[in-house]
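**Student:** Handing you a structure now.
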2 protein chains.
Amino acid sequence: MTTRQPRVEVEYCTQCRWLLRAGWTAQELLTTFTTELGEVALVPGTGGVFDVRLDDELLWSRKAEGGFPEMAVLKQLVRDRIAPDRDLGHSDRKASGRDAGA
Amino acid sequence: MTTRQPRVEVEYCTQCRWLLRAGWTAQELLTTFTTELGEVALVPGTGGVFDVRLDDELLWSRKAEGGFPEMAVLKQLVRDRIAPDRDLGHSDRKASGRDAGA
């Protein structure tokens with residue numbers, strides 16, 4: 001199979017019913033990085049997994065981090081690797097001193 | 001990159017804003033074939049593309065077919081290839097003589 005890079009992979013636990021969360025994550029990333037991502041793959045898994053990978057790098061693991069990624073944080077992780085000059089908008093400016101939105 | 005098979009690929013036109021349609025298609029397939037699909041990839045494209053592939057086979061092409069796939073039809077195309085014994089429910093029974101729902 002040919003895949004497109006950069007490739008994001010969202011592996012989610014089907015037993016936990018996290019498909020909608022994974023689908024939302026995929027669409028958020030593709031909305032922000034419209035033409036900068038080669039593909040985003042939704043990967044059914046089990047056992048409480050919610051892992052986000054960029055190419056071969058694990059960006060987020062629910063088990064390691066103890067929870068789900070904040071969307072603004074996840075976008076920053078992706079941005080830093082594929083489009084470091086991109087400004088992600090108000091949620092990207094720490095100087096405001098407010099909590100980041102998505 | 002390692003991919004999981006069977007792999008479905010939904011390539012959509014970003015200029016046409018078909019991400020939501022592609023995302024919905026991916027989630028419908030993963031809802032029906034919860035653990036039978038290895039992954040579903042969303043692939044940004046251009047120029048009016050809306051193609052659905054299963055591994056290396058083109059299942060649906062908007063340009064060839066002249067429109068978008070009916071979800072029930074698309075699920076049957078996938079089912080016939082990865083889970084031929086699966087009954088897809090009421091929309092799968094032609095004997096009813098009614099139009100198929102999703």
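None of the figures in this text is laboratory data; all of them are computed from the coordinates on show. All figures in this text were calculated on a predicted structure; none of them were measured in a lab. All Cβ positions, even for glycine, are placed from backbone atoms using ideal geometry, and neighbour counts span all protein chains on display.
**Student:** Between region B:24-68 and region A:1-25, what's the alpha-carbon centroid distance in Å?
**Tutor:** After rounding, the separation between the Cα centres reads 15 Å.
**Student:** Can you tell me the 0 to 90 degree angle between the C-alpha axis of helix A:71-82 and the longest principal axis of chain A, rounded to 10?
**Tutor:** 80
**Student:** Please work out whether region A:12-60 counts as rounded, prolate or oblate from its C-alpha gyration tensor, where a ≥ b ≥ c are the square roots of the eigenvalues and a/c under 1.5 means rounded, while otherwise a/b larger than b/c means prolate and anything else oblate? Provide the component values of the computation, followed by the final result.
**Tutor:** Working: a/c = 2.73, a/b = 1.59, b/c = 1.72.
Taking the square roots of the gyration eigenvalues as a ≥ b ≥ c, region A:12-60 is oblate.
**Student:** Taking each label point as 7 Å beyond Cα in the direction of the beta carbon, state the distances from B:Arg93 to the same residue in the other copies, shortest first, in nm.
**Tutor:** 6.0
**Student:** Once the convex hull of the alpha carbons of chain A is built, what does its volume come to per residue, in cubic angstrom?
**Tutor:** Working: hull volume 10.8 nm³, N = 102.
Hull volume normalised by residue count: 106 Å³.
**Student:** Now for a different question. Of B:Lys75, A:Lys63, how do they rank once you tally other Cβ atoms within 10 Å and put the fewest first? Spell out each step's value before the answer.
**Tutor:** Values: B:Lys75 23, A:Lys63 11.
Arranged by neighbour count, lowest to highest, B:Lys75, A:Lys63 become A:Lys63, B:Lys75.
**Student:** Name the chain B residue nearest the rotation axis between B and A, going by Cβ position, and give the distance in whole Å.
**Tutor:** Here the value is B:Ala41, 2.
**Student:** Rounded to the nearest 5, what % of DSSP beta bridges with both residues in region B:9-102 are antiparallel?
**Tutor:** Values: 8 of 13 bridges.
Of those bridges, close to 60 percent are antiparallel.
**Student:** If we hang a label 7 Å off Cα along the beta carbon direction at B:Arg81, how far is it from the matching labels on the other copies, in nm, shortest first?
**Tutor:** 2.8
**Student:** Between B:Thr2 and B:Ser61, what FRET efficiency comes out of the Förster formula 1/(1 + (r/R0)^6) with R0 = 30 Å and r the beta carbon distance, rounded to 0.05? Walk me through the intermediate numbers first.
**Tutor:** On the way: r = 27 Å, r/R0 = 0.89.
After rounding, the FRET efficiency stands at 0.65.
**Student:** Taking loop as defined by DSSP and a crowding limit of 12 other beta carbons within 10 Å, which trypsin sites (Lys or Arg not before Pro) in region A:1-34 fit?
**Tutor:** Values: sites: A:Arg4, A:Arg7, A:Arg17, A:Arg21; in loops: A:Arg4, A:Arg17.
Qualifying residues, ordered by number: A:Arg17.
**Student:** How far is A:Gly67 from the same spot in each other copy, in nm, shortest first, if each label point sits 7 Å from Cα toward Cβ?
**Tutor:** 4.7
**Student:** Let me ask another. Would you work out if the protein assembly as shown is rounded, prolate or oblate? Take a ≥ b ≥ c from the square roots of the eigenvalues of the alpha-carbon gyration tensor; rounded if a/c is under 1.5, else prolate when a/b is larger than b/c, oblate otherwise.
**Tutor:** Cα axes put the protein assembly as shown in the prolate bin.
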